[in-house]
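Below: the structure, in C-alpha cells.
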Amino acid sequence: MVSVKSIKLDSVNNAKRVVLKVGSALIVDPTTGSIRESWFKSLVKDILFLLNKNKEILIVSSGAIALGKSELGLQNKSLKLSEKQAAAATGQILLAKAWKSIFEEIDIKCGQILVGHSDLETRRNAMNTRATLDTLLKLNVIPIINENDTVATLEIRYGDNDQLAARIAQLVEADVLILLSDIDGLYSHDPKNSPNAKFIEEITNISSDIESMAKNTKSNIASGGMITKIKAAKIATAAGCNLIIAHGKNTNSLLELINGGKHSIFKANLSPLNAKKKWILSKRDKLKFVKIDNGAEKALNLGKSLLAAGIKSNSNSFYRGEIVDILSNNDTFLGCGIIAYDSDEIEMIKGKKSTEIKKALGYKGRDEAIHRNDMVIN
C-alpha cells in the first residue's frame with residue numbers, strides 16, 4: 001500500500017468537493033467479466049483517506065453493462081440497443097451490490113443515483129438532481145452515479161461516463177474531477193503506436209492542437225477514450241472545475257495520484273462559483289422577474305438569500321430552474337438568479353414567511369426563493 005500522510009496534489013488538497021469517475025476497464029476483469037475485488041477494496045480505502053481529510057466525494061461508476069454482459073453470457077457478442085439495456089439492468093444490481101458491500105466494511109453508506117440526459121440538461125430536473133445529491137452528502141452518504149442506460153435511447157444519452165461525470169461536476173459545483181482510467185494522461189500521439197509520444201502534464205487551454213492529440217482508444221469493455229475525456233475537460237473547466245486523468249488499474253491508484261503520481265491536469269480559469277455566476281448572467285431573460293421590498297434588498301446586499309417574504313410581485317410564465325431578474329421596489333435592476341419556484345407558486349407564497357409555505361402550496365418547498373449561491377447581485 002502507498003504510504004500517504006497528507007495530500008501532496010494541490011488541486012485535490014485545496015478541493016472541498018471531488019467527483020471521482022471510475023471506468024469499466026478498472027472495475028471489471030475482461031477475462032472473467034466479474035468485479036476485480038482486491039482492486040475494488042483498495043479504491044474504497046483510498047476514498048476513506050479522502051473522507052478523513054474532510055473531502056466530499058461523489059462517484060460516477062461505469063461497469064453495469066460489462067457486468068450484465070457477463071451475467072447474461074453476452075461478452076463476445078455485438079449487442080443491439082435493447083440487449084445493451086437488458087445488460088445494464090442486470091449489471092446495475094451487481095454493481096450497486098458491490099459498492100454497498102465494500103463500503104459497509106468501513107461503515108460508510110452509499111446511495112445509487114441513475115440519471116438520464118434530461119435529468120441534467122433540463123434545468124428543473126437538474127435542480128431536483130442537485131438537491132438529492134446535496135442532501136446525500138449532508139447525510140454523509142456517498143452518491144454512486146451512473147447513466148440510466150436501461151431506458152435511454154441513442155439520441156438522448158451521454159453514451160460515456162466521462163461526459164456524464166463532467167456534467168455532474170458542473171451540477172454540484174465540484175472543485176476537481178478525477179478520471180481514473182486505463183491510461184495515465186494525455187500524450188501528443190498514441191503512446192501504444194508512437195514511442196516518441198510526448199506526455200502533456202498540464203493543459204490550461206484546450207486548443208485545436210490539444211484536441212488533435214486525442215485518439216480514440218476504446219477497449220473491449222469501456223465506452224470512452226481520450227476524445228471523450230477532452231470533451232469532459234471542456235465541460236468541467238468551463239464550470240470552474242479542474243479535471244485530472246490518471247491511470248487507475250493498480251491497487252491504491254488514487255492514493256498514488258494524490259501523493260503526486262503521474263497525471264494530466266486540465267486547469268480551470270475560474271472557481272466553480274464564479275463560473276456559475278458567469279453562466280447565470282449569460283442566461284438572463286429581462287421579461288422574467290421578481291420585484292422585492294426594501295428589506296429584502298438590504299438583505300441581498302449583505303449576501304443573504306432571497307426569501308418569499310421579501311417578494312412583492314412577479315412576472316408570469318417562468319418555471320423553477322429558470323433565471324429571473326431581481327428588481328427593486330422602484331424597478332431598479334439588482335441582479336438575477338435561479339428561481340426555486342414556478343411563477344404561479346411565487347404568486348401564492350410572496351410576502352409569506354418560510355413557515356407558511358407548506359400551508360400555501362400543500363408541500364414544503366425550499367425556504368429560499370433564490371439561494372445566495374444561485375444569484376448574481378449587481
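When Cα extents along the principal axes in Å is calculated for this entry, the matching label among (i) 66, 49, 44; (ii) 79, 42, 39; (iii) 68, 42, 41 is (iii). Accessible surface comparison of 363, 187, probe 1.4 Å, protein chains only, largest first: the order is 363, 187. Relative contact order of region 78-202: 22 percent, from C-alpha pairs under 8 Å at least 6 residues apart in sequence.
Surface composition of region 1-70: carbon plus sulfur atoms hold 44% of the accessible area, using a 1.4 angstrom probe and ignoring ligands, DNA and RNA. For the chain, the per residue solvent-accessible surface stands at 48 Å², with DNA, RNA and ligands left out and a 1.4 Å probe. Can you pull the percent of region 80-126's accessible area that's carbon plus sulfur, 1.4 Å probe, other chains left in place? Its accessible area is 52 percent carbon and sulfur atoms.
Each principal axis of the Cα cloud of region 281-371 was evaluated for its coordinate range; sorted largest first, these ranges are 32, 26, 20 Å. Modelled this way, with points 7 Å down the Cα-to-C-beta line, the labels at residue 201 and residue 267 are 1.2 nm from one another. For the Cα trace of region 88-207, dividing Rg by the Kirkwood Rh returns an Rg/Rh value of 1.03.
So if we plug the beta-carbon distance of residue 124 and residue 355 into 1/(1 + (r/R0)^6) with R0 = 30 Å, what FRET efficiency do we get, rounded to 0.05?
Calculated transfer efficiency: 0.75.
Gain on full extension, evaluated as 0.36 nm per residue between residue 53 and residue 209 minus their Cα-Cα distance, stands at 52.4 nm. For the chain, with a Gaussian network of springs between Cα atoms less than 10 Å apart, report the residue from 131, 232, 25 with the top mean-square fluctuation. Maximum among the listed residues: 131.
These residues, 160, 367, 184, go from largest to smallest accessible area, 1.4 Å probe, as 367, 184, 160. Pairs of Cα atoms nearer than 8 Å and 6+ residues apart set the relative contact order; for the chain it is 15 percent. Across the chain, the longest piece that holds none of the GluC sites (Glu not before Pro) lying in DSSP loops with up to 14 other C-beta atoms within 10 Å covers 202-378.
Across the cross-link table entries 229/286; 277/364; 100/198; 100/249; 277/352, which are compared at the Cα atoms, the separations over 30 Å belong to 229/286; 100/198. Rg/Rh for region 250-314 (Cα atoms only, Rh after Kirkwood) is 1.31. Pairs over the 31 Å Cα-Cα cut-off, from the set 55/350; 138/358; 69/109: 55/350. Only helices enter this figure: runs of n ≥ 4 DSSP H residues, each worth -39500 (n - 2.57), summed and divided by the residues of the chain, yield -11000 deg cm²/dmol at 222 nm to the nearest 500. Annotation: region 1-74 has a Kirkwood hydrodynamic radius of 13.9 angstrom, from the mean reciprocal C-alpha pair distance.
Summary of packing: across the peptides 7-14, 113-120, the per-residue average of other C-beta atoms within 10 Å ranks them, highest first, as 113-120, 7-14. Surface composition of region 226-363: carbon and sulfur make up 50 percent of the accessible area, probe 1.4 Å.
The values are calculated or read from the model by the stated rules, or taken from the named source; none is laboratory data. The structure presented is a predicted model; accordingly, all values stated were derived computationally and were not measured. With ideal geometry, Cβ positions are generated from the backbone for all residues, glycine too; neighbour counts draw on all protein chains shown. The area values use the complete protein model at the heavy-atom level, side chains included, leaving out ligands, DNA and RNA. Shrake-Rupley method; radii C 1.70, N 1.55, O 1.52, S 1.80 Å.
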